[in-house]
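The values are calculated or read from the model by the stated rules, or taken from the named source; none is laboratory data. Quick caveat, the model's predicted, so the values are computed rather than measured. Cβ atoms come from the backbone with ideal geometry, glycine included; neighbour counts cover every protein chain shown. Side chains included, ligands, DNA and RNA excluded: accessible areas come from the protein's heavy atoms. Shrake-Rupley method; radii C 1.70, N 1.55, O 1.52, S 1.80 Å.
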Amino acid sequence: MHAFGLIDCNNFYASCERVFQPKLKNSPVVVLSNNDGCIIARSEEAKSLGIPMGAPYYKYKDCIEKNHVNIFSSNYELYGDMSERVMDSIRLMVEKNNIEVYSIDEAFIKLSGDNISEYAKKISSNIMQWTGIPTSIGISNTKTLSKIANHVAKKIAEENVFDMRDEKIKEKVMKKLPVNKIWGISTGWSEKLRNLDIHTALELRDADSNFIRKKLGVVVERIVLELRGISCLDIEKYKNKKSIIVSKSFGTLITDINLLEQALSNHVARACEKLRIQNSKAKSISIFIQTNKFRKDLPQYKASKHHILELPSSDTGKLIKISKNLLNIIFKNNYLYSKCGVTLQDISSNNYEQKHMFEKNDPIIDTLMKRVDSLNSYLGKNSVFHASQGTTKEWKMKRKNLSPCYTTNWKSLPLVR
Ligand SMILES: [Mg+2]
C-alpha cells in the first residue's frame, strides 16, 4: 500500500541565507520582500521574538535592531537555485513519476513499501547533508492528510518526520485542527463551514459528503473524501501554468516611458523564459502600468491593455515588440509610475501546436530562443538579452541587504580561508 508524503523546507528563505553563513545558526534571521517592504520569512528565533509573518518592516525595526536580528533582502536567484538542489536531491531518492514539485519549497511524493517512515527520515537527513536545508515531512494516506501531517512534523516531530497513517493519531490531530488550516479550504469556504457548525477537520471529515457537495461544491466534497483517507488527488507530474505573470515594483518612481519600456521588456523576457521552460507558447499577452496607490498625495493612474496573437508564441523579441506597442497606447505623461507587469495567457504545450491556415511560426526562432536560454543558464542570468531590456536597470527594486548569489555567480563564490 502506498502513502503520500509532503516534504516542506523549514523557513526556506531564512534557511538558504544560513547555509552560506553558518555563524547565523541559532541567531534570528528575517528576509524582506521586494523593495524591503515586508517580512516574508523568519527563522525560529525570529518567530519567538514575536515578529509576525508579512509584517511591514518599519513597524518592527526597533525590535529587530534591539535583538540584533539579521536582515536580508530577498535573493530569489539564490532561493531558486537552492530549491532546484533540494528537488534534485529528492529525485535521487524517489522515482520521478512519484514526485510533484508543488512550490519553491514543497514537494509531494508517493512512497510504497514497509518502511515508509524510516525512508522519509533518510530523505530528510540526506537533503540536509547534500544541501544544508532542513525539511519536515508529513506522511499519510492522501495528499490532503499529508499536508496536515506536515504541520505536526514542523512542530513536534523528532527527526522531522510525522507519520499520520494510524486512525487514532489522525483523529487526535484533526480534532484540534481548525477548518481554515486545511489545504485547499479558502477563507470564504471556512466561513461557510463555520456557519454550518463545522469547525474542525474532524467535523468536516465526518460531515455528510452529499450535503457538503450541495452546499459548497465538488472541490470541498473531494477534500472531505481525502480527509477520510480516500485518495482523490494524485501526483501531478507536469503542472504547467495556465498563465504566467511577471510584475515588480520599481525602486523609485518613474515618469520616463523609456525606463518603463526597459522594465517591461525585462518582464516580458522573463515571462517568455518561463514559458519555454515548460515547453509551451502563449496566444495572448496583456500589460499593465500603475502609480503607487498608497501615495494619496500624488495623482493616480492605472491602465492595462490586451493583445491576442495570430499564432501562439514564445519569441521574446516578438512579444517585447507587442508589449511596447501596448505601452504606447496606455502611457500617459506626468504620472509617477511605481509598477508594471505582463501576463501571458492562453498557454498551450508545444506538443499540441495548433496550425494556422496562413501563418506559420518560424522554426529558426525556436532554435534561437533555445540557444539564448542555454547561454543564459551556462553564463548566468541575462548574459544575452534584447537591447530594449536596457543596460542601466535604473528602475530596479531596492535590495539594501542582499546576500551574494553564492551558487549562481562565479564572483560570489563563498571563500574558504
Ligand atoms: Mg516551507
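Remarks
- Pair list, Cβ < 9 Å and 6+ apart or interchain, from the range 159-184 residues that are of a type in the set (K, R) to residues that are assigned to a loop (DSSP other than H, G, I, E, B) and at pLDDT 95 or above: R165/N141; R165/G229; K170/N141; K170/M164; K170/G229
- Output for the range 1-23, where each listed residue is open to solvent by less than 10 Å² (accessible area, probe 1.4 Å) and more than 26 Å from I235 (Cβ to Cβ): A14, E17
- Which numbered condition E158 misses (of (1) acidic (D, E); (2) modelled with pLDDT under 95; (3) closer than 20 Å to E100 by Cα): (3)
- In summary, helices (runs of 4 or more DSSP H) completely within the range 1-89 and bearing 3 or more residues that are within 16 Å of the ligand (Cβ to nearest atom) occur at 12-19, 44-48.
- The set of residues from the range 378-417 being aliphatic (A, V, I, L, M) and in contact (Cβ under 8 Å) with a residue 60 or more places away in the chain comprises M397, L402.
- Taking the listed residues S136, S103, the one that is in contact (Cβ under 8 Å) with a residue 60 or more places away in the chain, of a type in the set (G, A, S) and within 14 Å of the ligand (Cβ to nearest atom) is S136, with no other qualifying.
- Among the residues listed as G184, G188, the single one being modelled with pLDDT under 95 and in a helix (DSSP H, G or I): G188
- Qualifying residue in the range 237-258 (condition: farther than 30 Å from K176 by Cα and assigned to a helix (DSSP H, G or I)): yes
- Index of the failed condition, K143 passing every other in (1) farther than 19 Å from P178 by Cβ; (2) within 15 Å of the ligand (Cβ to nearest atom); (3) crowded, with 17+ Cβ neighbours inside 10 Å: (2)
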